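*Asks:* Got a structure for you, written out below as structure tokens; questions coming shortly.
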Amino acid sequence: PVKIAYQADSPSWSFAHSPIPTQKFWGKSAELITEGRVRVVLHLKDGTDEHYSWNVATVFLRNIVMGEKYFEPVGTVNVISETTGAKATIEFRSKGMFGGRSEDVMVETYDPNGTQTGISLVGTWTTSLRILEAGKGAGPEIWHVGQLVEGAETRYGLTEFAASLNQITEL
């Protein structure tokens, strides 16, 4: 089986993941399953560190044979603060085999005791997320997808922000 490991470090953060990917072919789609937790450490200005980890969602590549090809994450991702014990569960909603494309996502947050905080996020993983507080309607937008680079279809679909992360050197 394929085994991969990667790590990146900066003065502000550290990132590590050693995924073990597997796949299943279902005729018109492929299921990509990734075992292994992603780990991030934030190095705070006060000298302390915050540790976070999460699992990777199962992803389907749809319409392999014909039609518009697209990715669809399904299932639940659990983000855990290993520093405090707080967590968030991210549920990628699936419309099922014949229900069409789904981009809906729901995030629930929990305190270190496992009690729901009453603050959630709702939206789509492709466009935007809004805060949802218990007993209230959808609140302010806290994230939206960035502007795509010119010619994005031939440049890996990168946003301007993602493209700006590439370090251009004289070499």
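*Asks:* Can you tell me the FRET efficiency between MET106 and THR169 if r is taken as the Cβ-Cβ distance and R0 is 45 Å, rounded to the nearest 0.05?
*Replies:* Working: r = 42 Å, r/R0 = 0.93.
Calculated value: 0.60.
*Asks:* What does the charge count near PRO140 come to, summing +1 for each Lys or Arg and -1 for each Asp or Glu among other residues with Cβ under 12 Å from its Cβ? Let's see the in-between values first.
*Replies:* Working: positive: ARG130, LYS136; negative: GLU133, GLU141.
Spelling it out: positives minus negatives among the neighbours equals 0.
*Asks:* Rank GLY139, GLY114, THR22 by how far each Cα sits towards the positive end of the charge dipole of the chain (+1 on Lys, Arg Cβ; -1 on Asp, Glu Cβ) and give me just the farthest.
*Replies:* Of the candidates, THR22 comes out farthest on the positive side.
*Asks:* Just how large is the dipole of the chain about the Cα centre, in debye to the nearest 20, putting +1 at every Lys and Arg Cβ and -1 at every Asp and Glu Cβ? Please report the intermediate quantities before stating the final value.
*Replies:* On the way: 15 positive and 20 negative charges, 130 e Å.
My answer is approximately 620 debye.
*Asks:* Can you list the aspartates and glutamates whose alpha carbon sits under 17 Å from that of LYS28, skipping same-chain ones fewer than 8 residues off?
*Replies:* Result set, ordered by chain and number: GLU68, GLU72.
*Asks:* Next question. Near VAL40, within a Cβ-to-Cβ distance under 15 Å, what is the net charge of the other residues, with Lys and Arg +1 and Asp and Glu -1? Walk me through the intermediate numbers first.
*Replies:* On the way: positive: ARG37, ARG39, LYS87; negative: ASP9, ASP49, GLU50, GLU82.
Overall, the nearby charge balance is -1.
*Asks:* So, one more: When the accessible area of the chain is computed with all protein chains present and a 1.4 Å probe, what percentage of it is carbon and sulfur?
*Replies:* Working: 6920 of 11910 Å².
Ligands and nucleic acids excluded, carbon and sulfur reach 58 percent.
*Asks:* Would you mind getting me the FRET efficiency between VAL145 and TRP13? Use the beta-carbon distance for r and R0 = 22 Å, nearest 0.05.
*Replies:* Details: r = 22 Å, r/R0 = 1.00.
Computed FRET efficiency for VAL145 and TRP13 comes out at 0.50.
The values are calculated or read from the model by the stated rules, or taken from the named source; none is laboratory data. Because the structure is predicted, anything quoted here is derived from the model rather than measured. Ideal geometry is used to build each Cβ from the backbone, glycine not excepted, and the neighbour counts take in all protein chains shown. We work out accessible area using only protein heavy atoms, side chains counted, and drop any ligands, DNA or RNA first. Shrake-Rupley method; radii C 1.70, N 1.55, O 1.52, S 1.80 Å.
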